[in-house]
Amino acid sequence: MALPKLTRFTLSVATVAAMLTGCGHAATTGSNAKVTLRLGYLTRITHASALVGIDRGLFVKNLGSGVTFEAQPFEQGTAEATALLAGQIDAAYVGPNPAFNAWQKSGGTAIRIISGSAKGGTSFVVKPGITSAQELRGKTVADPALGGNHDVLLRSWLQDNGLHTNTQGGGDVFIKPTKPESAIVQEFTSNQIAGAVESAPYDVQMVKAGGVKLWPATGTITILVVRQEFLAAHPDAVSGLLRGQVEADQLIHDSPAAAKQAANNALAKNLGKGLDADVLDGSFQETTFTNDPDVASLNDLVHKSVAVGLLKPLTLDGLFDPHPLNDVLKAVGRPQVTS
């Protein structure tokens, strides 16, 4: 389900036939099939590939006139996973852990990872004076959602340091899933929580408000996934989406100032205002944007999720399909990724 306060963008004009059918996902006019690709994403800088691609029209350009592109913002990756399983969106920029859950719940039939997007850009920010896990005993900390990347990273770190948590919010440290994410910053500044695991820009805003980074998370934080059914039916549309992803990644690396402005433009359209310049700069500085999903990092996240009881044991064999991305990378002379 999309955020009620966010705007859903339709970035190309649907055909009259699609409107008459009332469906919009696929319609036929004569012999030409018209397809709609619905992309989910979050309003974070760790989803800058999506933000840049949307604002600069890179997805629309690469999908071509035969595909209607719709971009839909979400509050949480867990909500994106639910939408993917329900067939409400076709692809999504999402955290690995929600993708693992969708993969497991569907018995390996729902989605494929088709590209990386971002690594890092995430930190555990705490109140000044807190320097160890034991100093959090009996305190309340926050993250965006139960079962999301941030939740797994936080519970895993606490467990490694001998502190017990449970999914009801109890244990040695109380973990409070909080939405919207901006509320986490507000709760931190009003001393309702002792800290939070958050991604850019929210962790940067917490530091700006006087917080201290206790540790950074350097692994994969955002990937691009697609429904297997959509991939099988519309491989050309998926290739166009990937070309847009690769171009967005290239713009971020080659023209960081332009990419920052594009990402901020998209955030302003969604949230009503963009980020302050120092928060925007800090968010990009701590995030690495890459097409490689880093399979080793994904496997580490699976191990952590299983260890804290948020995922049943599973193998990721078959989840990442590198072939569509590598075809795009090869065509533009860029290094390919491995599975």
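Laboratory data are not the source of any read-out in this text; all were calculated from the coordinates shown. What you see is a predicted model, and the numbers here were worked out from it, not measured in a lab. Neighbour counts are summed over all protein chains in view; Cβ atoms, including those assigned to glycine, are modelled from backbone coordinates with ideal geometry.
Odds and ends about this structure:
- Within the chain, helix-based [θ] at 222 nm, where runs of 4 or more DSSP H residues each add -39,500 (n - 2.57), nearest 500: -12000 deg cm²/dmol
- Kirkwood Rh and Cα Rg combined as Rg over Rh, evaluated for the range 218-339: 1.01
- Under the shape rule built on the C-alpha gyration tensor, where the axes satisfy a ≥ b ≥ c, the range 285-339 is oblate, since a/c reaches at least 1.5 while a/b does not exceed b/c.
- Pairs exceeding 21 Å between alpha-carbon atoms, taken from Lys127/Lys176; Lys105/Lys312; Lys119/Lys213; Lys179/Lys312; Lys176/Lys304: Lys179/Lys312.
- Over all other residues within a Cβ to Cβ distance under 11 Å of Val308, the charged ones net out to 0, with Lys and Arg as +1 and Asp and Glu as -1.
- Subtracting the Cα-Cα distance of Lys213 and Ala307 from 0.36 nm times their residue separation leaves 31.4 nm of extension gain.
- Over every Cα atom in the chain, the radius of gyration and the widest Cα-Cα span, Dmax, amount to 19.7, 68 Å.
- Once C-alpha pairs closer than 8 Å and six or more residues apart are averaged by separation and normalised to the residue number of the chain, the relative contact order reads 25 percent.
- For Gly195, distant residues with modelled amide H under 5 Å away: Ala142
- Comparing the range 201-288 with the 2.2 N^0.38 Å rule of thumb, its C-alpha radius of gyration ratio is 1.34 (two decimals).
- Nearest-20 debye value, the chain charge dipole, Cβ charges on Lys, Arg, Asp, Glu: 480
- Taking label positions 7 Å along the Cα-Cβ direction at both Asp160 and Lys176, the computed distance is 2.6 nm, reported to one decimal.
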